[in-house]
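Report on one structure; see the data block that follows.
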Amino acid sequence: MPKIEIDANHCKGCGLCIDACPKKVIVFSEDINKLGYHPATPKNEGCIGCGICFYTCPEPESITVYKEDKSA
Ligand code: SF4
Ligand code: SF4
């Protein structure tokens with residue numbers, strides 16, 4: 001299954017990826033990162049690997065998209 005990973009400490013909590021995800025599989029974490037923001041965090045179940053979150057994110061190092069999870 002496709003999935004994403006979000007590097008919490010690069011995320012500015014802008015929420016653009018959450019709004020942009022067509023499958024609504026990204027949410028805000030209740031944790032606070034080292035920048036003082038609630039980072040986005042993936043739920044992943046239902047992710048289609050479209051990459052829209054990656055292209056929407058203003059922080060290039062935050063989101064990694066795995067179109068296929070080789071470990072699955
Ligand atoms: S790759 Fe697509 S479906 Fe998966 S979290 Fe990003 S925007 Fe959502
Ligand atoms: S778009 Fe990027 S910076 Fe904004 S909440 Fe999502 S991961 Fe964080």
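Descriptive notes on the structure:
- Flag if E5 is surrounded by 13 or more Cβ atoms within 10 Å (Cβ to Cβ), touching a residue at least 40 places away in the same chain (Cβ under 8 Å), charged (D, E, K, R) and not in a loop (DSSP other than H, G, I, E, B): yes
- Scope region 32-58; condition over 21 Å from M1 (Cα atoms), over 11 Å from the mean Cα position of the chain (by Cα) and either part of a helix (DSSP H, G or I) or not β-branched (V, I, T) (or both); matching residues: N33, K34, L35, G36, Y37, H38, P58
- Answer residue from region 18-31, given it is surrounded by 16 or more Cβ atoms within 10 Å (Cβ to Cβ) and among the β-branched types (V, I, T) and is nearest to the chain's Cα centre (by Cα) among those: I26
- Number of the exception - I4 against (1) of a type in the set (A, V, I, L, M); (2) out of contact with any strand residue (DSSP E or B) (no Cβ under 6 Å at 6 or more places or on another chain); (3) within 10 Å of ligand 2 (Cβ to nearest atom): (2)
- The single condition from (1) within 17 Å of E59 (Cβ to Cβ); (2) of a type in the set (K, R); (3) more than 9 Å from ligand 2 (Cβ to nearest atom); (4) surrounded by 16 or more Cβ atoms within 10 Å (Cβ to Cβ) that K34 fails is (4).
- When V27 is tested against (1) more than 9 Å from ligand 2 (Cβ to nearest atom); (2) at pLDDT 95 or above; (3) assigned to a loop (DSSP other than H, G, I, E, B), exactly one condition is not met: (3).
The values are calculated or read from the model by the stated rules, or taken from the named source; none is laboratory data. Source: prediction; values computed, not measured. Counting neighbours? That spans all protein chains shown, and the Cβs are built from the backbone with ideal geometry, glycine included.
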